[in-house]
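Reviewing the structure listed below.
The values are calculated or read from the model by the stated rules, or taken from the named source; none is laboratory data. This structure is a prediction, so every number in the text was calculated from the model and none was measured. All Cβ positions, even for glycine, are placed from backbone atoms using ideal geometry, and neighbour counts span all protein chains on display.
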Amino acid sequence: MELDERKLKILQAIIKNYLETGEPVGSRTISKFTDLNLSSATIRNEMSDLEELGYIVQPYTSAGRIPSDKGYRLYVDTMMQSRMLEVEQMWDALNDKADKMETLLQQVAKLLAVNTNYATLVTGPQYRSRKVKFIQLTDVDETQLLAVIVLEGNIVKNKMLPLAAGLEKEDILKLNIVLNTYLTGLDMSEINLSVIAKLKEQSDGLGNVITELLDAIAQAISEEEDIPVYTSGATNILKYPELSDHHVASDLLYELEEKKYLTDLLNENSEEHGIQVYIGQETSVESMKDCSVVTATYEIEDGIYGRIGIVGPKRMDYEKVVGTLQTLKTQLDDIFKKNKE
């Protein structure tokens, strides 16, 4: 059921008031907070409907209402269609740091933490593409062959290959020529049986070595990269009463320090380049069921990207966070584009 304009305005007023105060919101507060010119009785009826629909809840008897996860979700989805706030003060700071990626990303994390008053994470660049750019085979000794695989984005993977029998210099040269002729520009998913058959046909009796090489290349390419993660503002979460409980705060600080599960969360839906919002149970991290996480993707160039995340209470200022990330994402994209030129 879609909400009519009046219910939607009342829901937005409840959420905005709760975001500011952290206290349950009553009908009298809403009558002063909105321009609807409705009586408290009418607002109470509308709030009852919103509660039945699951958009707000009453935490205890005789209390006002607070937003549910469903209410936050509607608020975020509605607001994100048109809201984009500018954060002009970030521009100069980001430009000054653009020459060094690590320094830049650390500064981004700090700026976000200061600007939003929440915990922030920024991942280093990772690579969506796995296309082969160049392969170089070199004999280490009679029993080992070193394969250096260069992927798009100048990612270098090294793999040592054991050999049942030594290879002549001419054989290694031939393998280098064949592999680069047929594999350059291909993603591993594109190396099919037809490509493999051509490689073996052109390798003059070195088919077994080709099979071992392809297995090694596939293994090297699929290995997980150690992506750096820069964090800031972890202790900001202690400022919010609902997150300051000893056990809750301890678990959250641990997750922020360890980064593992949060990195996995940041990389969920990484194909989506827009803003992603995870509210309460929508996150895959159990210790963050009382939090919201807002993420965005910045892109250095085609196939090379990183992720930005902001962690705060469910009553976080979504408008400010989403606007900040929208602006930051655009600015980072512009910086990387200029550096490429």
Just name the residue that is surrounded by the most Cβ atoms within 10 Å (Cβ to Cβ) out of those in segment 95-130 that are among the small types (Gly, Ala, Ser) and at pLDDT below 75.
Ala98
What pairs can you find where one residue is in segment 271-300 and assigned by TED's automatic domain parsing to the domain that holds Gln331 and free of Cβ contacts under 8 Å to residues at least 40 places away in the same chain, the other is in a loop (DSSP other than H, G, I, E, B) and among the small types (Gly, Ala, Ser), and their Cβ atoms are less than 7 Å apart, with a gap of 6+ or different chains?
Thr297/Ser270
If you check Gly205, Gly185, which single one turns out to be at pLDDT below 80, assigned to a loop (DSSP other than H, G, I, E, B) and on the phi > 0 side of the Ramachandran plot?
Gly205
Could you name every one of the helices (runs of 4 or more DSSP H) located completely within segment 222-341 that has at least 1 residues being at pLDDT 75 or above?
246-258, 318-340
